[in-house]
Amino acid sequence: MPMTYVLVHGAWHSGQSWSKVVPRLGASGSPVYTPTLTGYGETRHLLSPETGLRTHTDDVMRLLVDEDLHDVVLVGHSYAGMVISAVANEVPERIARLVYLDAMVPVHGESALDVMPEARGMLGDGWRVPPPPEPFGLFGVSDPADVAWLRSMLSDQTVRCLDEPVAMDHPALASIPRTHVHCTAESAVRRRAVPGVQPNGEPADVRELASGHDCMITVPEELAALLLDLPVPVGAAR
């Protein structure tokens with residue numbers, strides 16, 4: 001039985017950002033879900049000062065419960081490293097593997113601003129945080145057609161997304177295997193060193209993609225192949 005993939009987009013993006021990856025994963029027979037978090041993309045009209053990490057955690061939790069998903073490979077890109085960490089803390093029994101895709105990797109009690117303090121420079125006087133200015137705000141995307149598509153997708157996020165702390169105190173969270181994927185051509189995330197041993201005692205699993213930060217747009221075939229090649233945890237369905 002195939003694994004189930006839930007792909008969670010990062011700040012300013014939407015679930016559409018995975019559009020090139022979905023058919024490549026789906027061709028393997030794997031169910032693939034790409035939720036748009038509240039306040040982004042087609043839900044941008046729902047953005048409010050109260051939209052934060054808790055909101056986005058609930059978005060993904062609702063998907064897992066409503067679709068009755070188990071043995072999930074939960075992939076978080078960039079800011080969504082915070083989201084998948086929070087989700088796994090809530091329902092560790094549903095998660096087969098966490099994949100931090102060029103993502104923030106927090107510890108219990110940290111906010112996104114703790115993980116990446118330089119993001120404080122993006123905060124203004126209000127509650128909205130617009131996408132970064134170009135060219136940084138293109139996240140390594142350079143093809144003209146892809147740039148136009150990306151620009152149509154990007155929308156604001158909130159300060160609360162960045163300063164709300166994550167809970168990672170469930171005893172079962174440590175048992176979930178992790179994979180860290182680093183984009184080596186250009187990254188929008190200042191990455192912490194990955195410890196040599198995972199919380200579950202296994203050796204660290206660190207992969208690389210020769211891509212800019214938005215690897216799902218620039219190298220979707222390579223990303224899909226990497227995800228399909230991940231080890232299957234003992235007891236998980238395939």
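Residues in region 168-225 that are charged (D, E, K, R) and either within 26 Å of Gly137 (Cα to Cα) or under 15 Å from the mean Cα position of the chain (by Cα) (or both): Arg178, Glu186, Arg190, Arg191, Arg192, Arg207, Glu208, Asp214, Glu221, Glu222.
Taken over region 113-137, the criterion of being surrounded by fewer than 10 Cβ atoms within 10 Å (Cβ to Cβ) and of a type in the set (D, E, K, R) is satisfied by Glu118, Asp125.
Does Val99 satisfy being within 26 Å of Tyr33 (Cα to Cα), outside any helix (DSSP H, G or I) and open to solvent by 20 Å² or more (accessible area, probe 1.4 Å)? Here the answer is no, as Val99 does not meet what is asked. Scan Ser85, Ser78 and give me the residue that is out of contact with any strand residue (DSSP E or B) (no Cβ under 7 Å at 6 or more places or on another chain), open to solvent by 10 Å² or more (accessible area, probe 1.4 Å) and of a type in the set (S, T, N, Q). Among Ser85, Ser78, only Ser78 is out of contact with any strand residue (DSSP E or B) (no Cβ under 7 Å at 6 or more places or on another chain), open to solvent by 10 Å² or more (accessible area, probe 1.4 Å) and of a type in the set (S, T, N, Q). Kindly evaluate Val141 against the criterion of being out of contact with any Cys (no Cβ under 8 Å at 6 or more places or on another chain) and open to solvent by 30 Å² or more (accessible area, probe 1.4 Å). Considered against the rule, which asks whether it is out of contact with any Cys (no Cβ under 8 Å at 6 or more places or on another chain) and open to solvent by 30 Å² or more (accessible area, probe 1.4 Å), Val141 comes out as no.
Taking the condition assigned to a loop (DSSP other than H, G, I, E, B), open to solvent by less than 70 Å² (accessible area, probe 1.4 Å) and modelled with pLDDT under 95, does Gly212 pass? Show your work before the answer.
Working: assigned to a loop (DSSP other than H, G, I, E, B): yes; open to solvent by less than 70 Å² (accessible area, probe 1.4 Å): yes; modelled with pLDDT under 95: yes.
Judged against the criteria, Gly212 is a match.
Taking region 161-194 as the search range and keeping residues that are among the small types (Gly, Ala, Ser) and over 22 Å from Ala224 (Cα atoms), which one is modelled with the lowest pLDDT? Here the answer is Ala193.
With respect to Thr4, is the statement that it is out of contact with any Leu (no Cβ under 6 Å at 6 or more places or on another chain) and β-branched (Val, Ile, Thr) true? Explain how you work it out, then say what you get.
Values: out of contact with any Leu (no Cβ under 6 Å at 6 or more places or on another chain): no; β-branched (Val, Ile, Thr): yes.
Here the answer is no, as Thr4 does not meet what is asked.
Yes/no per residue for (1) open to solvent by 20 Å² or more (accessible area, probe 1.4 Å); (2) under 11 Å from the mean Cα position of the chain (by Cα); (3) not polar (S, T, N, Q):
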{"site": "Tyr40", "(1), (2), (3)": "no, no, yes"}
{"site": "His45", "(1), (2), (3)": "yes, no, yes"}
{"site": "Ser48", "(1), (2), (3)": "yes, no, no"}
{"site": "Asp68", "(1), (2), (3)": "yes, no, yes"}
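Only one entry in Val147, Val166 is open to solvent by less than 70 Å² (accessible area, probe 1.4 Å), β-branched (Val, Ile, Thr), under 25 Å from Gly39 (Cβ atoms) and not in a loop (DSSP other than H, G, I, E, B), namely Val147.
Tallying residues that are in contact with a strand residue (DSSP E or B) (Cβ under 9 Å, 6 or more places away or on another chain), at pLDDT below 90 and of a type in the set (Gly, Ala, Ser) within region 115-160 yields 1.
The values are calculated or read from the model by the stated rules, or taken from the named source; none is laboratory data. All of these numbers come straight from a predicted model, not from anything done at the bench. Don't worry about glycine lacking a Cβ; one is built from the backbone with ideal geometry, like all the others, and counts go over all protein chains shown. All accessible areas refer to the heavy atoms of the entire protein, side chains included, with ligands and DNA or RNA removed. Shrake-Rupley method; radii C 1.70, N 1.55, O 1.52, S 1.80 Å.
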